[in-house]
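Note sheet for the following structure.
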Amino acid sequence: MAVEHRTRTAGEKEPRTREDGSRSGTRDGGPAGGGQWFGVLRSPLGCCAAGLLLAVLLLAAFGPLLWSGRAAAVDTGRLLQGPSGHHWMGTDNLGRDVFFRVLVATRLSVALALLATVLGVATGLVLGVAPALLGRRAGRAVTAVVNIAVAFPGLLLALFFAVVFGVGTQGAVLAIGFATAPGFARLTQTLVASVSERDFVCAARVAGVGRLRVLTRHVLPNIAEPLIVNATIGAGSALLAFSGLSFLGLGVQAPSYDWGRLLGEGLTGIYTHPAAALAPGAAVVIAGLAFNLTGEAVAKAVGIPTAHGIRLPPPVGKAAAGKAPVEPEAAAGPGTEPVLSVEGLRVSFPGPHGPVTPVRGLGLSVGRGESVGVVGESGSGKSLTALAVSGLVEHPGTVDADRLEFLGTSLRDGEKKTAATRQLLGTSLAMVFQDPMTSFNPTMRIGRQLSEVAEQHLGMNRRGAWARAVERLREVRIPAAERRAAQYPHEFSGGMRQRAMIALGLMGRPALIIADEPTTALDVTVQRQVLRLLERVRTADGVALLLISHDINVVAQTCERVLVMYAGRVVEELPSDRLLTAARHPYTRALIATVPHMESDLDRPLPVIPGRPVTPGQVPSGCAFAPRCPAARDRCHTDDPRLRVSEPGHRIACWYPHTGATVRPDEQLSDPTTEAGGRP
Ligand SMILES: Nc1ncnc2c1ncn2[C@@H]1O[C@H](COP(=O)(O)OP(=O)(O)OP(=O)(O)O)[C@@H](O)[C@H]1O
């Protein structure tokens, strides 16, 4: 099966997957394969880039050694002469050979440009990662400073800093370094933000890995390629900028000289003796081109669009504007001590017309060792609920709850997470994400990613943690676990990656596994294996399971209890073995009726739920499902029904629930006014 991929970040290549899920091309997120480099090197772009760069570097290394004497030799008999057999590019006002001076100036020009680039990249990197490391407020302040700095043209900034740091080589290096830093910082911030939302980073955060470690181990390796490419291209720009400053007399000072200074000297006699200005000018262009083409060639080899088109994942937010009434709901009780207890959970995001609240006062409870399924159409708030519980809702999203307790510890937003809370989450809560391809850091070996959790939270040494990782992989039936632990994620098939993800969750001592659409990206056979594995883990280790799925069949087969979500709330909750026969909410019944059965009449179109799901910013007054409900009456459009217990273990939010007969396959299409068996 071809594994489907979400849009990749600038730090990753689009991998081609084979039947077994392994890559036919390069390692995901890792360096490009040798063939790819060789291919680029043989292309006209690669040839030119390599040739030019080699020439520039050789000149920089050997030019001063070979020709310093000839470049410094004064010939008073040949002042300001044009090109001749003796002096190919003529002489300057002291009779020195311009051609050799240009060759010798290569070292200083390139070295200073590289120095300024290193300074700019280092400063930009620090500013770029700062928002991810600092708290929300300080992070925002850094972002604002970078945004303001980026708004100024680079040259203007360079001139400003040149004045601040003073005339001379050192001042020019600082000026150009700091002038290029904001652009690089902005790029880093964007790349960090694009990777921070990826599943493997979330997994590391759920596992309690600290911010700095997440950044250095999981984020930076995945954005290194575009950063290196842009730094290479940036070196070309720095060279130009440095020549500009020296040309203006703000950079390199006599008796030293770089191309900018030579250009300035040659310019005085441009009308009588143009070669003296053209030669250093051409050198600047050629060296700049060498860096730019090298950057482009590297980008081509690793498959990254350069500054002309950084690839980013689509925005996560899709919320619409509008009101978001928040109503608390009572939590369900499975009758056992709850592992997770949530009441009145609200998740909000700022919208163009005020905040929108995709999760509007949700309540749920999961008992020890219990399996609870959450179903609902796309956009009903299932994933946000999981993220909110795990503390993974990112700014500007806000999580608010009347109660949000995990193993008796409050996780409410605003209540500062202590080290103990982080430890609790890291060892006792496991997340399994939808896309097994994105759930692991592509640049780290699977075993290392697993053992990191044991080192971090169980205080195990490297060897012990690795042994535990191998043992866990074996437990989730990864064949040849020892060998597999040393492999990278791209070497695993989709099903194996998902099992490895479950093994990752088992590295601590989880009390709850939250699995968000864990089988959506897998084929039916592998899906069954993964669900069986979750079930086995749950019963063997007494781990509770919160399984999120849009597939009511999957939930009914795997879980003991089902919560049906619509428009950010639970609208019905019942034991899954009674789903087919006792569901009473029209939405639940419609969801069930849309599932094709063996007896489904293939000549008839597959049933669908009429209308469109509610967008978070436009929740209608009254019952949110009323506009799509065949049984809706006047009251449904005005009064919002609360979740009430209809019988033990069964809760429902509906003014006119169905009597609870077995769901008919075409039920959601029927006219409620002619429905036999009726509603109260
Ligand atoms: N970062 C965000 N900013 C704004 N709105 C968001 C954000 N994340 C999610 N939403 C909105 O919240 C609503 C619920 O999203 P959520 O991902 O929880 O839905 P879901 O039920 O899990 O759907 P799916 O099955 O498609 O994943 C959606 O309408 C979505 O547009």
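The values are calculated or read from the model by the stated rules, or taken from the named source; none is laboratory data. All figures in this text were calculated on a predicted structure; none of them were measured in a lab. For neighbour counting, all protein chains shown are included, and Cβ atoms are generated from backbone atoms with ideal geometry for every residue, glycine included.
Can you find a residue that is outside any helix (DSSP H, G or I), more than 9 Å from the ligand (Cβ to nearest atom), in the same structural domain as Val571 (by TED's automatic domain parsing) and touching a Phe, Trp or Tyr at 6+ places or on another chain (Cβ under 7 Å) anywhere in the stretch 418-429? Yes: one or more hits. Scanning the stretch 49-82 for residues being surrounded by 18 or more Cβ atoms within 10 Å (Cβ to Cβ) and touching a residue at least 40 places away in the same chain (Cβ under 8 Å) gives a total of 8.
Residues of the stretch 88-114 that are under 10 Å from Leu239 (Cα atoms) and crowded, with 20+ Cβ neighbours inside 10 Å: Ser109, Val110, Leu112, Ala113. Summed over the stretch 430-474, the residues that are in a helix (DSSP H, G or I) and either in the same structural domain as Leu392 (by TED's automatic domain parsing) or without any contact (Cβ under 8 Å) to a residue 60 or more places away in the chain (or both) give a count of 21. Which residues, taken from the stretch 154-200, are surrounded by 24 or more Cβ atoms within 10 Å (Cβ to Cβ) and either without any contact (Cβ under 8 Å) to a residue 60 or more places away in the chain or not assigned by TED's automatic domain parsing to the domain that holds Pro221 (or both)? Scanning the stretch 154-200 gives a single hit, Pro182.
Cβ-Cβ distances below 7 Å connect the following pairs, each with a first residue in the stretch 367-389 that is of a type in the set (Ser, Thr, Tyr), a second residue that is near the ligand (Cβ under 8 Å from one of its atoms) and not in a loop (DSSP other than H, G, I, E, B), and a separation of six or more residues or different chains: Ser380/Met565; Ser383/Asp516; Ser383/Ile548; Thr385/Val359. Of the residues making up the stretch 390-410, those that are within 20 Å of the chain's Cα centre (by Cα) and closer than 20 Å to Arg569 by Cα are Ser390, Gly391, Leu392, Val393, Gly397, Thr398. Here Glu197 meets the list (1) over 16 Å from the mean Cα position of the chain (by Cα); (2) modelled with pLDDT under 80 almost entirely, failing just condition (1). When Asp551, Asp516 are checked against the criterion of being crowded, with 20+ Cβ neighbours inside 10 Å, within 30 Å of Cys629 (Cα to Cα) and within 16 Å of the ligand (Cβ to nearest atom), Asp516 stands alone in meeting it.
Take Val110 and decide whether it is assigned by TED's automatic domain parsing to the domain that holds Val285 and either outside any helix (DSSP H, G or I) or under 27 Å from Ala241 (Cβ atoms) (or both).
Working: assigned by TED's automatic domain parsing to the domain that holds Val285: yes; either outside any helix (DSSP H, G or I) or under 27 Å from Ala241 (Cβ atoms) (or both): yes.
So Val110 passes the test.
With respect to Val209, is the statement that it is outside any helix (DSSP H, G or I), closer than 29 Å to Ser390 by Cβ and in contact with a helix residue (DSSP H, G or I) (Cβ under 8 Å, 6 or more places away or on another chain) true? Considered against the rule, which asks whether it is outside any helix (DSSP H, G or I), closer than 29 Å to Ser390 by Cβ and in contact with a helix residue (DSSP H, G or I) (Cβ under 8 Å, 6 or more places away or on another chain), Val209 comes out as yes. If you go through the stretch 372-417 and keep only what is within 13 Å of the ligand (Cβ to nearest atom), basic (Lys, Arg) and over 28 Å from Gly611 (Cα atoms), you end up with nothing. If we scan the stretch 477-486, do we find a residue that is away from the ligand (no atom under 16 Å from the Cβ), assigned to a helix (DSSP H, G or I) and closer than 17 Å to Met437 by Cβ? Yes: one or more hits.
Filter the stretch 311-365 down to the residues that are modelled with pLDDT of 80 or more and farther than 30 Å from His650 by Cα, then identify the one that is nearest to the ligand (Cβ to nearest atom). Here the answer is Phe349.
Annotation note: Cβ proximity below 8 Å between a residue of the stretch 614-625 that is away from the ligand (no atom under 15 Å from the Cβ) and a residue that is basic (Lys, Arg) (sequence gap 6+ or interchain) occurs for Gly622/Arg635. Against the list (1) under 30 Å from Leu392 (Cβ atoms); (2) surrounded by 24 or more Cβ atoms within 10 Å (Cβ to Cβ), the condition Gly260 fails is (1).
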